[in-house]
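Single-structure report; data block below.
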Amino acid sequence: KEGEDIEIVAKKIEDKLERRRNNKNFQVTSPVKIKEQTGDILGVVRIIFLGIAAISLLVGGIGIMNSMFTSVMERTREIGVMKALGAKRSTITLLFILEAGLLGLVGGIIGVLIGVVLSLGVTKGINTAGVVKIIINVRPSLIIFGILFSFLVGIISGVIPAIKAAKLQPVDA
């Protein structure tokens, strides 16, 4: 009824059923309990997705670092020529860090595009099925954050290869 407390009504129903049946092999579920259970389930799903995202970031960072080490090895001659012509360590370091950042940026843009397309497709599919109506809100600020974060991951992953490239001696290169 209007104005009744759901939890109190649920407790009254539970007490009445227990007295009539003489046992407790039943369960009274209220919308509040369902909401709590849904929140618990979504919390577990959120933790799983955070774990997957962390592993993906680690793998992506290692991939960028590996690509940059390969790039440094392939461009050893160019680095030697740049150093022989007077390029500073900081210039070479900055060059490779920016290159790594651009790799992360491109990966971030591709990832954001795939994520947006997939989320919109899943939303359309679920809403078309008519089981539940869901709304996905893709905020531009979140897209920009994702792209900038991937750029930052690229920069961080490129620091060690960039330092290695800057330390090469012109004679050795």
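Miscellaneous remarks
- Within the same chain, lysines fewer than 8 places from Lys83 are excluded, and of the rest, those with a Cα less than 19 Å from its Cα are Lys164, Lys167.
- The residues packed around Lys12, meaning those with a beta-carbon under 14 Å from its beta-carbon, carry a net charge of -1 if Lys and Arg are +1 and Asp and Glu are -1.
- Only Lys, Arg (+1) and Asp, Glu (-1) charged, at Cβ; the chain dipole about Cα centre in debye: 160 debye
- When each of the peptides 117-124, 89-96 is scored by how many other beta carbons lie within 10 Å of its residues on average, the order from highest to lowest is 89-96, 117-124.
- Too-long pairs where the Cα-Cα distance tops 26 Å, listed order kept, from Lys12/Lys35; Lys11/Lys133; Lys16/Lys133; Lys12/Lys133; Lys24/Lys133; Lys33/Lys133: Lys11/Lys133; Lys16/Lys133; Lys12/Lys133; Lys24/Lys133
- 15 Å beta-carbon shell around Ile41, net charge (K/R +1, D/E -1): +1
- Sequentially through segment 96-108, phi angles give Karplus couplings (6.51, -1.76, 1.60; θ = phi - 60°) of 6, 5, 5, 4, 5, x, 5, 4, x, 4, 5, x, x Hz, Gly and Pro residues having no value and appearing as x.
- Stokes-Einstein diffusion coefficient of segment 1-145, Kirkwood radius over Cα pairs, 10 °C, 1.306 mPa s, in µm²/s: 74 µm²/s
- Extension gain, Asp40 back to Leu58 (0.36 nm per residue minus Cα-Cα distance, nm): 3.7 nm
- Over all other residues within a Cβ to Cβ distance under 13 Å of Met73, the charged ones net out to 0, with Lys and Arg as +1 and Asp and Glu as -1.
- Taking the charge dipole of the chain about its Cα centre, with +1 at Lys and Arg Cβ atoms and -1 at Asp and Glu Cβ atoms, the residue from Ala100, Asn23, Gly80 reaching farthest to the positive side is Asn23.
Only the coordinates and a few stated rules stand behind these numbers; no lab work does. As the structure is a computational prediction, the values presented were derived from the model and not from experiment. As a convention, Cβ positions derive from the backbone with ideal geometry for all residues, glycine included, and neighbour counts pool all protein chains shown.
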